[in-house]
Amino acid sequence: MFTGIKETASRQTIVLPRLAKLALQPPQCLLIEGGTAEDRLDMSRYWACLLNCEGENTPCGSCQSCLQIADNAFNDFLLIDRIDEDGVERQNIPVDNVRKYLSVWGQPPHGRGTRVTVVEEAQYLNLNSGNALLKTLEEPRPGNVFVLTAPQRERLLGTLVSRSWVITLAWPTEVNNTPEVAEWVSGMLAFWRSGQGWFQRTSAKGALTKEQALKVVIGCQRELRNSLMSPEMTPAASAMSGLFDPKGLRRLDLILGKAQDSLNYNVNPALVLDWVCTAAMPRKRR
Ligand SMILES: [Zn+2]
């Protein structure tokens, strides 16, 4: 039912404007990480609705496309999972589950929208099914886009991740950052407090790779979420809620979303984090 999708979307407000923007020129492959497995699948359906909705306020949730996508009955919505042809759930995604769609992908979609193929929990791709999918992604497939869902991008083949546009959903349970990420986040907080001490960090030679910078951005999002839910959850969350008023937190939220996009575009990681620090600077410093 569409209400399930709508409910999940209402908990993932950070990514909705980004998805709407991406829908204007959909990337060939979207990787949805974070959240729960159910959240990821719901957001895949939301994406398919965005790309196929016939209503005005997309996704409307009431046109035929939206309703069929929600009910798994839409011709241009394909799901690849671990269930084999005998209906048995396998340890990995069988290669035949990828291969059976090869001829479908070669044809234009049935409807006027875009065919969306979702690889559900793509960390279960094995060498064979992973390579079959990779080969598919390497060829132009007009009218088709793909979605991979996974708990974290690190659990997928690097070659699949590098071909994907990554969207990170809010994590439901993990509260704490790793010590390394926590260190960077506390550096940001110190800068927001004092206006000092940040740029030495990012200008240190080899300080940051794209992956590390993404972790820092996501770590900062995690603390932001903690501070919104209950500031006493972690010291960083409590510091954050002391530094920013609600409007400032909302601005930080948008800035972190843009930073993720910039990193996906391969903007220099140090520059992206410097921008986050200066752009989010609390207006009223104490
Ligand atoms: Zn619709």
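FYI, it's all coordinate maths here, none of it is from the lab. No experiment lies behind these values; they were computed from the predicted model shown. A quick note on method: Cβ atoms are made from the backbone with ideal geometry, for glycine too, and the neighbour counts reach across all protein chains shown.
Data overview
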{"item": "26 Å Cα cut-off, lysine pairs counted over the chain (separation 8 or more, or different chains)", "result": "17"}
{"item": "Contour excess over end-to-end distance, with Cα ends at R155 and A73 and 0.36 nm allotted per residue", "result": "26.5 nm"}
{"item": "Orientation-averaged projected area, Cα convex hull of the chain (nm²)", "result": "15.9"}
{"item": "Shape category assigned to the range 166-246 from the gyration tensor of Cα positions, a/c cut at 1.5", "result": "oblate"}
{"item": "Compactness of the range 2-169 as Cα Rg over 2.2 N^0.38 Å, two decimals", "result": "0.96"}
{"item": "Of D76, D245, D39, the one that fluctuates the most in a GNM where the chain has Cα springs shorter than 10 Å", "result": "D245"}
{"item": "Bridge type composition, the range 2-169 - antiparallel percent by DSSP, nearest 5", "result": "5"}
{"item": "Sorted peptide list for 30-38, 257-265, criterion being average Cβ within 10 angstrom, highest first", "result": "30-38, 257-265"}
